[in-house]
1. Just name one of Thr337, Ser320, Leu348: the one whose Cα is farthest towards the positive end of the charge dipole of region 317-378 (beta-carbon charges, Lys/Arg +1, Asp/Glu -1).
2. Exposure proxy check: Val143, Val317 ranked by fewest other beta carbons within 10 Å?
3. As a check on your grasp of the helix formula, calculate [θ] at 222 nm for the chain: sum -39500 (n - 2.57) over DSSP H runs of n ≥ 4, divide by the residue count, round to the nearest 500.
4. Given charges of +1 on the Cβ of Lys and Arg and -1 on the Cβ of Asp and Glu, with all other atoms neutral, how large is the dipole of region 159-287 about its Cα centre, in debye to the nearest 20?
5. Averaged over every viewing direction, what's the projected area of the C-alpha convex hull for region 317-378? Give it in nm², one decimal, please.
6. Defining a contact as two alpha carbons under 8 Å apart and six or more residues distant in sequence, what relative contact order in percent does the chain show?
7. Can you work out D for region 1-157 in µm² s⁻¹ from Stokes-Einstein, where Rh is the Kirkwood radius over C-alpha pairs, the temperature is 37 °C and the viscosity is 0.692 mPa s?
8. About the Cα centre of the chain, how large is the charge dipole given +1 on each Lys and Arg Cβ and -1 on each Asp and Glu Cβ? Please answer in debye to the nearest 20.
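Where a number appears in this text, it was derived from the coordinates with a stated rule and is not lab data. Quantities reported herein were computed from a predicted structural model and do not represent experimental measurements. Here the Cβ positions follow ideal geometry from the backbone for every residue, glycine too, while neighbour counts run over all protein chains shown.
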Amino acid sequence: MIYTRQQLEDFEDQQLAPYGIRSKNSKGRKFPEEEADFRTRFQRDRERVLHTTAFRRLEYKTQVFINQEGDYYRTRLTHSLEVAQIGRSLARTLGANEDLVETICLAHDLGHPPFGHSGEAALSRLMTDHGGFNHNTQSLRIVTELERRYPDFPGLNLTWETLEGMVKHETDYDISEANEFDPELRGHLEAQIANVADELAYTAHDLDDGLRSGMITPGQLDGIAIWEIVNESIGLRKTETLDDLTRHQIIRRLIGFETTDLIQSIDRYLRKSGVKSALELQKLPYNVVGFSEDMYRRNRELKDFLFANLYRHYRVVRMSTKAERVVSELFNVYHSTPAVMPPYYQGLIAERGLERTICDYIAGMTDRYAVDEYNRMFSPDILP
């Protein structure tokens, strides 16, 4: 049996909640295109994101640990895939559009520079007087301008709804700048789900990587409410060591508890709101996607613990300091001597300006490319 786009759109009508976004009701694309025969608009968006150079580069970009620190730690790519899995699970249960949620989740970190938030902090500082830098805005630039894969338009020509979801992505580490996407409206349900899926994924999986690395020990977590609840649920006694199987069980149970809480909490918010359409939901004075008050406090406590004990661990800070130095010194040498950049980027200076061209070049680098480039530029023993 073959399902046409029209039939897939009919399935959406049957399966989605009234406030879930139907692909057939999309506001469309900036550059008109004939839509695919056997894919919805949002499915097409997802596949365009997956095939980008920027998405492939995420494999070698930092989540918490620099890529060279080990093969088993999460990268921006594995993080994005895990966010998408959690997002799809939430969307399916809540009657939101799975394809749109997945697309936003996969695209949300495309603009991250090398070395994660350390690289972003360096570029933000260096670009203060030149238009600034944050990875959310860079992600939008990648899909609307920087990726060049089609002869008829720059970027990927994604639908309005995907772009709006990317622009309105907000977490502790993401800044929303939605001036061109109905800033008076909240993110649609699918965007809100992508936000919380990102938050849930990075908290649980950063904890996992921190425990694996030994920078966090189980004993340090004693007294953290959600840790105690999870351990009690699997019958784990206080311990200073964890085997891999037990650690996996803890992280799996943590994600399960938080996902269940989210589904129940979102359902209560939706019922209370009484919304009957996607637009009504966006006009609400509050987000409908979020944890219960109890789980929010527990999750906040865990995130505060991770900030103090993992993200500020001396080994992480050392690597962050090195990363900021690499980014800063590359930026400065390109700025003082633009001729050392590859010819392609030299050719963009007249169009984008020197600082933005340098910023785009560095932001597109992977961790290992940036380190190699740093060595090529500053080590006399390595050929340029």
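1. Of the candidates, Ser320 comes out farthest on the positive side.
2. Ordered by Cβ neighbours within 10 Å, fewest first: Val317, Val143.
3. My calculation for the chain gives -17500 deg cm²/dmol from helical runs alone.
4. 640
5. Averaged projected area of region 317-378's Cα convex hull equals 4.1 nm².
6. This gives 20 percent for the chain.
7. On the way: Rh = 17.2 Å.
Approximately 191 µm²/s, per Stokes-Einstein.
8. 120
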